[in-house]
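This report refers to the structure that appears directly beneath it.
The values are calculated or read from the model by the stated rules, or taken from the named source; none is laboratory data. These numbers were taken from a predicted model, which means no experiment stands behind them. Note that we place each Cβ from the backbone using ideal geometry, even for glycine, and neighbour counts take in every protein chain shown.
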Amino acid sequence: MAGAFAVGGLLHARGVLRIDHLPPLHALARLPTPALLPAVAFAAVAVPVLPRLTAHLPMRAALAAAFAASLAWTVLLAMSGEGLAWPFTHPQEYLAGLGAVGDDPLGWLAGFTRDLPAYPTHVRGHPPLPVLVLWALAAAGLPGPFWAAVLVVVTGCSATAAIGLTVWRVAGEDAARRVLPYLALCPAAVWIATTMDAFFAGVGAWGTALLVLGARSRAGRVTLGLGAGVALGALPYLSYGLVPYLLVPLVAAVAVGVPRATVAACLTGMAAVSALFAAGGFWWPAGVLATHAEWAADPGAARPYLYFLVANLAVLALVTGPAAAAGLVAPGRARDRILPLAAGVAVLALDVSGVTRGEVERIWLPFALWVAAAAGRAGAGGTGAGREGDRRLLAAQAVLGLLLQGFVRSPW
């Protein structure tokens, strides 16, 4: 990380990285303000208390407590800066593209690829589903940046519960209880509030959770499989870069032995999503080509490949925190780290491809939360204080989140 920032500073000073002022982060430096104190106070309470709650509450209550803590932590961090809604007010964000949708979402969808150059930057860089989600939210009577932020933050924070639930089914209850505090206080919270990629993270996490739940529920195998298929099938229509993410649910399904009926239902749900978009006039491969053409013309494509090949991984380390690194090398069962490793392989594929050169603090959020789940291994200790987690590492997670929020000002 130190090397990535040192080399990035040199490249920025020489004008190579003109659009990144704090490389490898796409951000500006700033100084903390007293507005960060409520988040500091929350962390001071959560670090000793949350591991006890997740260790001793009934499992479903522990999942709910971790979700509530994640939500509180994320909101308090955001409120110490520009607030939850501010990122969505940017003229290049998704909400700025709603005017083109108007009252005809199907007509807009059919012409999406053709009209792509006229849209804001984030719309041009993604498939059409994020805009359609925000359009549906506004059509339901919840328009504007505030409600968009609420949707994104709640969905993103709910990934804590979904990942904990998946770990429970894959690696056992003890592993899930250990990982929950680390997920709740993950430094990724700085970017969960508020980037649309946090919404993608929540959708992917719940799609994976529903899939593994289908292995245990005989009565709900088909229903859960269909739900998983719809969520996972939506991922490529939320972001083109989420195709490698499907390795995570695949590995989870193999690990728990998802029955054929659930797998078939999942594949049916995924196919249904693709069929609906095709029927609406959006052909995914054509969208990929059009977006790649826009990306190639964008200044971001001129970022140096070799620098970000390494620097992206430094940013991933920041987003996931030191506890994730400790967990990845801690001794233990392979089953405990199989999901973080699957996410890591998917991230490496994106990194080597060169399509994610910078800005991965938000782009890789869906993957980062699974990598952060490795932190549960760092807190493995059997009983007592060990079972409640290594508080020093949990404190390090929280302190890193506070430092990132206090000293880094991101445009999202």
Original post:
When you go through (1) in a helix (DSSP H, G or I); (2) under 23 Å from the mean Cα position of the chain (by Cα) one by one for VAL49, which number turns out not to apply?
Top reply: (2)
Original post:
Inside region 90-132, counting only helices (runs of 4 or more DSSP H) that do not spill past its ends, which hold 3 or more residues that are within 29 Å of SER410 (Cβ to Cβ)?
Top reply: 98-101, 121-124
**OP:** List the number of the failed condition for PHE112; all other conditions in (1) surrounded by fewer than 22 Cβ atoms within 10 Å (Cβ to Cβ); (2) in contact with a Phe, Trp or Tyr (Cβ under 8 Å, 6 or more places away or on another chain) hold.
**Re:** (1)
Original post:
Residues in region 290-308: is at least one surrounded by 15 or more Cβ atoms within 10 Å (Cβ to Cβ), under 23 Å from the mean Cα position of the chain (by Cα), hydrophobic (A, V, I, L, M, F, W, C) and closer than 30 Å to ALA378 by Cα?
Top reply: yes
Original post:
In region 52-62, what count of residues is obtained for those that are touching a Lys or Arg at 6+ places or on another chain (Cβ under 7 Å) and either of a type in the set (Gly, Ala, Ser) or modelled with pLDDT under 95 (or both)?
Top reply: 2
Subject >> From the options LEU369, LEU348, residue that is modelled with pLDDT of 95 or more, on the phi < 0 side of the Ramachandran plot and surrounded by fewer than 24 Cβ atoms within 10 Å (Cβ to Cβ) >> reply: LEU348
**OP:** Being under 23 Å from the mean Cα position of the chain (by Cα) and of a type in the set (D, E, K, R) is the filter here, so list the residues in region 17-35 that pass it.
**Re:** ASP20
**OP:** Would you mind stating whether LEU289 is free of Cβ contacts under 8 Å to residues at least 24 places away in the same chain, touching a Ser or Thr at 6+ places or on another chain (Cβ under 9 Å) and either farther than 28 Å from LEU129 by Cβ or assigned to a helix (DSSP H, G or I) (or both)?
**Re:** yes
**OP:** Give me the pairs, please: first residue somewhere in region 241-269 and crowded, with 22+ Cβ neighbours inside 10 Å and among the basic types (Lys, Arg), second residue anywhere and outside any loop (DSSP other than H, G, I, E, B) and at pLDDT below 95, beta-carbon distance under 7 Å, and either six or more positions apart or on two chains.
**Re:** none
Subject >> The one condition in (1) within 23 Å of the chain's Cα centre (by Cα); (2) in a helix (DSSP H, G or I); (3) farther than 25 Å from GLY125 by Cα; (4) not aliphatic (A, V, I, L, M) that PRO38 fails to fulfil >> reply: (1)
Subject >> Residue that is nearest to the chain's Cα centre (by Cα), among those in region 311-327 that are over 15 Å from LEU183 (Cβ atoms) and not small (Gly, Ala, Ser) >> reply: LEU316
